[in-house]
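To keep things clear, I will list the structure first and then write my remarks on it.
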There are 2 protein chains.
Amino acid sequence: MSPESPVIALLSAPDVAPPPNLAEIEELATVRHCTADDLGEVLPGADVLVLWDFFSRALRDNWGPATSSLRWVHVCAAGVDSLLFDELTASDVVVTNAHGVFDRPIAEFVLASIFARDKRLHESMALQRDHVWKHRETVATHRTSALVIGTGGIGRACAKMLRAVGISVVGAGRTARETDPDFGHVIATTELTGHIGDFDNVVTIAPLTAQTSGMIDARMLAAMKPGAHLINVGRGELVDDAALADSLRSGHLGAASLDVFATEPLPAESELWDLPGVAISAHMSGDAHGWRDALADQALENLRRYVAAGAEPLAEVLVNVVDKERGYISGGG
Amino acid sequence: MSPESPVIALLSAPDVAPPPNLAEIEELATVRHCTADDLGEVLPGADVLVLWDFFSRALRDNWGPATSSLRWVHVCAAGVDSLLFDELTASDVVVTNAHGVFDRPIAEFVLASIFARDKRLHESMALQRDHVWKHRETVATHRTSALVIGTGGIGRACAKMLRAVGISVVGAGRTARETDPDFGHVIATTELTGHIGDFDNVVTIAPLTAQTSGMIDARMLAAMKPGAHLINVGRGELVDDAALADSLRSGHLGAASLDVFATEPLPAESELWDLPGVAISAHMSGDAHGWRDALADQALENLRRYVAAGAEPLAEVLVNVVDKERGYISGGG
């Protein structure tokens, strides 16, 4: 290791194995291991913070003199909502994320959820437990429509996969447009209530920001097509749980596939577990076998860019740089 | 109706509504309604038999002098295994089927079954019933492979849909070939045991014939990849149930999604209901909303061709003509 090799604070959750490529990282940098509890002790003098604890809020608790040497934060997650806070946004620290790693697995999970509902697989499994043979008609998924709210990398992967099997897909993003390469038509999220009722399936994969928090509220749910299916693979806070519960109980919303929740793990006493038409999974839609390797490889690749950067601006050298003002990687809109 | 309008024997199951377009059929033909019980009474003088009772074996029981006027049998099903028998095969009677109606819904059902297993949806639902949050890694379906046994219309639709989401697909059919338009590579079914072990998913949608009956036997199952997933949407008789049960119990086969059975409805006492990794549905994979309308429209369209045929050979005028020797529509191989 050269004397100028960077110092990395590597934040992991307690009892979680380090990145599988740690030896390679240590060839390029001095690594200081920590958890949220001792982050403050390892930050002074650190050039880089790598969040292997994917949804940690520990940086904001330690912001100040201890972080004066910090130039770059890499989070091994797609969403940066837990990480960002005003002082970090206002600083020169460059933030990068795990853009791309989860795109295709999450798109598959979304399509799996749509198919499971359309083909009545959970109903069939319930009948199977009772040894009951009951023929039922299914939905021809290729004759249905889907609105994908969120036009970042994961939203685009969803659009491509849903279109590949014949679903009519429209996007919803910050700005309306007619010729998006993946979506074709994109609706402005500000005009969502006027359009959301056109779709059999609504997928929420928008970044969690002040603008998107609680966007699927009672009014939005009431505007959805009767019997529609909500698939949330973004963040739990995008959806008003109480309004969701009301809509499902009333029979207006037909189904909800929920992989993310405002509180995770979802508490055992949550009413969501037992609502009609709900399928719950444990924030795992993107976590296909090998996901930790992919995250670690991506962090290492960006570290190589960091080490080779010299005097060049970090924001131009690193890949997957987050627009801290917007709260996601810009370009998608 | 003209005096030369044909006489149709329309065979329905008891208590089943007639084709929804019956009025249009009756503009073109004299319709004699019957069930299996009184088929013999309406056959004499009938030119056409339409099997609205999809899997009826009643024609063979009434074959003889009563069927001497019969020129055409149309069955509103994709598989003709229940219908065919030696005397019918040897006769000049033209047989047509419901080619095409079920292609895309069945392909969707197959992909839904693959996704449900890869994304562990049934496990998640079982955990949900107990309010248990348990993160688990999933399979990236686009990194998996599938063998589709059967290269007719439904098999081709399966290949297209599975490929559309990134699954590596190979076909198995009567003759090996390298440049099939939908499959690319097709393995000869006679050489299946040497190749079946290469695939994560095996889809059986071959027509049921003397050659295919029982093809998924103990030896074939043993040759499959450990943990593989068998999806049967063809006919129950393609699979040896006892061998299947042994393979699942031993843990060699990882999952089986079964929509068809040698005895339907599947008896409540069948061991299949409770085997590990099994998902059972009630012969419904192709039955998307509107399927009866589509079947009736297709029968009517062929009846229009029949009426307009004049002296032309029926086998050239009608569409979806079954190769009675082979037991399916030829061309796929």
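Just so you know, all these numbers are worked out from the coordinates, no wet-lab data involved. It should be emphasised that the depicted structure is a prediction, and the values quoted were computed from it without experimental measurement. All Cβ positions, even for glycine, are placed from backbone atoms using ideal geometry, and neighbour counts span all protein chains on display.
What to note about this one:
- Segment B:103-280, relative contact order [Cα under 8 Å, separation at least 6], %: 17
- Over chain B, relative contact order from alpha-carbon pairs under 8 Å, at least 6 apart, %: 16
- Per residue, the convex hull spanned by the Cα atoms of segment B:256-333 amounts to 149 cubic angstrom.
- With the label put 7 angstrom out from Cα along the Cα-to-Cβ vector, A:V319 ends up 4.8 nm from the copy partners, going from closest to farthest.
- Annotation: peptides A:156-166, A:5-15, A:282-292, ranked by per-residue average of other Cβ atoms within 10 Å with the highest first, follow the order A:156-166, A:282-292, A:5-15.
- Debye-sum result for chain B in log10 I(q)/I(0), which assumes one identical scatterer on each alpha carbon, at q = 0.14 Å⁻¹: -1.10
- DSSP assigns beta bridges within chain B; of those with both partners inside it, close to 10 percent run antiparallel.
- Measuring from the axis that maps chain B onto chain A, the chain B residue with the nearest beta carbon and its rounded distance in angstrom come out as B:A164, 2.
- If you take the alpha carbon atoms of segment A:103-280 and fit the smallest convex hull around them, that volume is 119 Å³ per residue.
- Cα long-axis angle, helix B:241-250 against chain B (0 to 90 degrees, to the nearest 10): 10
- Computed on the Cα atoms alone, the convex hull of the protein assembly as shown gives a volume of 184 cubic angstrom per residue.
- Tail beyond 17 Å, pair distance distribution of segment B:71-159 (Cα, percent): 65
- Helix axis angle, A:153-164 relative to chain A longest principal axis, alpha carbon, degrees: 30
- Take B:R163, move 7 Å from Cα toward the beta carbon, and the resulting point lies 1.9 nm from the same point in each other copy, nearest first.
- Note on chain B: with a GNM built from Cα contacts shorter than 10 Å, the maximum mean-square fluctuation among B:A255, B:A172, B:A36 falls on B:A36.
- Within the protein assembly as shown, helix-based [θ] at 222 nm, where runs of 4 or more DSSP H residues each add -39,500 (n - 2.57), nearest 500: -8000 deg cm²/dmol
- Local electrostatic count at B:G166 - Lys and Arg +1, Asp and Glu -1, tallied over other residues with Cβ under 13 Å: +1
- For segment A:1-85, relative contact order (Cα pairs under 8 Å, six or more residues apart, normalised by length) works out to 32 percent.
- For chain A, with +1 on Lys and Arg beta carbons and -1 on Asp and Glu, the positive-most of A:L208, A:L88, A:P226 along the dipole: A:P226
- Under the convention that each Lys and Arg Cβ holds +1 and each Asp and Glu Cβ holds -1, the size of the dipole of segment B:187-333 around its Cα centre is about 220 debye.
- Label geometry 7 Å along the beta-carbon vector: B:T35 inter-copy distances in nm: 7.1
- Fluctuation leader among B:G150, B:G310, B:G194 - chain B, Gaussian network, Cα springs under 10 angstrom: B:G310
- Filter on B:K119/B:K160; A:K160/B:K119; A:K160/B:K225; B:K160/B:K324; A:K134/A:K225; A:K119/B:K134 - keep pairs with C-alpha separation over 23 Å: A:K160/B:K225; B:K160/B:K324; A:K134/A:K225; A:K119/B:K134
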